[in-house]
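Read the figures in this text as sums done on the coordinates, not as results from a lab. Since the model is a prediction, treat every value here as computed from it, not as a measurement. Because the Cβ atoms are built from the backbone with ideal geometry, glycine has one as well, and the counts that use them run over all protein chains shown.
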Amino acid sequence: MTSAIEVRDLSKQFRSVRAVDHLTFEVAEGRVTGFLGPNGSGKTTTLRMLLGLVSITSGGATFGGRRYLDLDHPIHHVGAALEATSFHPSRRAEDHLKTVALASGIPLTRVAETLDLVGLTDVARRRVGKFSLGMRQRLQLATAVLGDPEILILDEPANGLDPQGIQWLRTFIRHQASLGHAVLVSSHLLSEMEETVDDVVIISQGKLVLQTTLADMAAQAGTGTGLRIRTPEINRLAEVLNAVPVGWRQTAPDTLVIDGATPEWFGPFAAHHRIVLYELINERGSLEDVFLRLTHGFDTAHPPDHSGGQSAPFRMPEASA
Amino acid sequence: MIAVIRSELLKIRTTAVPWVLAGIAVLINGLLILVIYLSQNYGGPGDDVPHTTQQLRNLLGSGFQGYLLALILGVLLITIEFRHKTVTTSFLVTPRRPAFVAGKLITAAILGALLGVLMLIVALVGGGLTLTARGGSFTGLVHQIPAVAPGFILVFALFSILGVGIGSILTNQVAAIMVSLGWFIILEAILVGLVHGAFKWVPTGAADAASNLTRNGGNGIHLTLFSWWQGGLLMLVYGLVFAGIGSILLTSRDIT
């Protein structure tokens, strides 16, 4: 598997804040890589460093071995749709794309093609100032794919999209990957991305937490299984559970979760003790749980960073979103 | 670079900026001509029709002060990108920031020159009507075009270049316009008043030299100026030095 994007020991210092801290990861060709982390974890800053918009404090980021700044007509190779990028409100959607096409030697026929691809053909002549957030996101994506690049970088592309829009976005991203393109897509919500991505890069406070495949992460999620029980006799259930070697915790006045238990074991056990049950749910840990555990776990593992970073006034790159 | 300039021209054409500035230019020059038309006493007692070479040149170049509009055009050409955050896309397309500024400079020169041409046309039409109405010579005015137009258009182009230079340093639109106008309306006059011989060195003095227009003292004040090419070169140096500083500042700037 060849790397389309390589990030090596990348760091960014904004005055007193270390926004990105020795970050290393790779994005493979033909795969969709989810770039995940809570708001303010350095995702946007990282992506903007990749694209030469934010200067790099140390380390490097390359596309097929070359920096963005060193690419000839970069938008033929790397297409980006970034948050907080804007359009001139009185410019028409079509004209916006034409300005980009003209500057990069892209044939103007591509403009209509990409508008069609993102479903904006009907509003091609409308001024962008009248666009909804979802339409702007689509126009961003159109801008990104205008040069038919082999690498796509999308920063929170699902923001502002309605459920149909998100479904459309997934199809769009999968289609790009099916063409052999590498897609790096950031999100603060794993659930938004879990049907779309092949690989995940998780960061927290500018540091890499985990780079793995989604399949691998799903396997981890599977280990977090438990059995959720709702009962009017919670005290009696707790008493009998204490007599057997299982871990459990109460999650609500009438609900508790038994770690690693199966319904096949618990059903007869409850019947034996004649305990009334209202609800018996076999819980698999979700990817989101793993994600939260990983990002949160990382924070608490570094208490000085936690107090200094999480609550510090620095929120700039992502809070503006 | 031609591709970038075509893109830049489309960018600015699809905003209100050039149309509003062109409208203001036509309006101002039209009003100036109207004032000339209404004045009963042109150039001296009993002299109600412009007829000397200098009078005709002044009539044709009546919109010369409109170079401030060319300056604002240049400032807006670059600051509008920051105001509307379109600079992110521009930098993705042209990641080398000096190249981005260079594209703006050339585009500004073209648009500034066009603004100069527009003002000359208004003066020619308005001045022609005035002369015809007063029994003066329209062909006399036309004959002054070769003497007036090149310098006039050059100065407009140079002021737009200077505007890009200022805007590349002060990317905040309001600040850039305030500083530009503040300099040309107030600060420059103070400096010239305080420092003897400073006039030929400041942009207005350089522009006057480059235009070859007010050389022979339209209002009787004789100021020492450079030759037209020295003045033009000095204006260009101002614009390019500012643009160079702006490019360096932009190169180290984070677009967040």
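Stretching A:His73 away from A:His272 to a fully extended chain increases their span by 64.3 nm, per 0.36 nm per residue minus the current alpha-carbon distance.
Pairs A:Lys12/B:Lys85; B:Lys11/B:Lys104; B:Lys104/B:Lys200; A:Lys130/B:Lys85: which exceed 19 Å Cα-Cα? Cα-Cα > 19 Å for A:Lys12/B:Lys85; B:Lys104/B:Lys200; rest within. Antiparallel beta bridges, as assigned by DSSP with both residues in the protein assembly as shown, represent about 65 percent of the total such bridges. Beta bridges assigned by DSSP with both partners in chain A are antiparallel in approximately 65 percent of cases.
Averaging the Cα positions of each part gives two centres, and for region B:10-35 and region B:94-133 these lie 10 Å apart. Comparing A:Ser186, A:Ser90, A:Ser204 in a Gaussian network model of chain A (Cα springs below 10 Å), the most mobile by mean-square fluctuation is A:Ser90. For chain A, a Gaussian network of Cα nodes joined below 10 Å ranks A:Gly180, A:Gly160, A:Gly247 by mean-square fluctuation, and the top entry is A:Gly247. Helical content of chain B, expressed as a calculated mean residue ellipticity at 222 nm, amounts to -23500 deg cm²/dmol (DSSP H runs of 4 or more residues, -39,500 (n - 2.57) each, divided by residue number, nearest 500). Taking amide hydrogens as placed 1.01 Å from N in the peptide plane, the amide H of A:Phe14 sits under 5 Å from those of A:Ala19, each at least 5 positions away in sequence or on another chain. Amide H to amide H distances under 5 Å link B:His51 with B:Leu56, where only residues 5 or more positions off or on other chains count and H is placed in the peptide plane.
Taking amide H atoms as placed 1.01 Å from N in the peptide plane, the amide H of A:Ile203 lies under 5 Å from those of A:Leu36, A:Gly37, A:Val209, each 5 or more residues away in sequence or on another chain. Taking every residue in B:7-13 and counting other chain Cβ atoms within 10 Å of its Cβ, the average works out to 5. Estimated from helices alone, the mean residue ellipticity of chain A at 222 nm is -10000 deg cm²/dmol (sum of -39500 (n - 2.57) over DSSP H runs with n ≥ 4, per residue). Between B:Met178 and B:Leu31, the C-beta separation translates, for a Förster distance of 30 Å, into a calculated FRET efficiency of about 0.75.
What shape does region B:1-134 have by the C-alpha gyration tensor, where a ≥ b ≥ c are the square roots of the eigenvalues, rounded means a/c under 1.5, and otherwise prolate means a/b greater than b/c and oblate the rest? Prolate shape, in that a/c is at least 1.5 and a/b is the bigger ratio. For a label point 7 angstrom out from the Cα of A:Ala238 toward its Cβ, which stretches of region A:257-277 have the backbone nitrogen within less than 12 Å? Under cut-off, by backbone N: A:257.
Straight-line cross-link partners of A:Lys207 among the aspartates and glutamates, defined as a Cα under 12 Å from its Cα and at least 8 positions apart when in the same chain: A:Asp9, A:Asp21, A:Asp299, A:Asp305. With each label modelled as a point 7 angstrom along the Cα→C-beta vector, the B:Arg96-B:Arg6 pair spans 2.0 nm. The distance linking region A:62-88 with region A:115-170 is 17 Å (Cα centroid to Cα centroid, whole angstrom).
Peptide A:40-48 has a mean shielding of 1, counted as Cβ atoms of other protein chains within 10 Å of each residue's Cβ.
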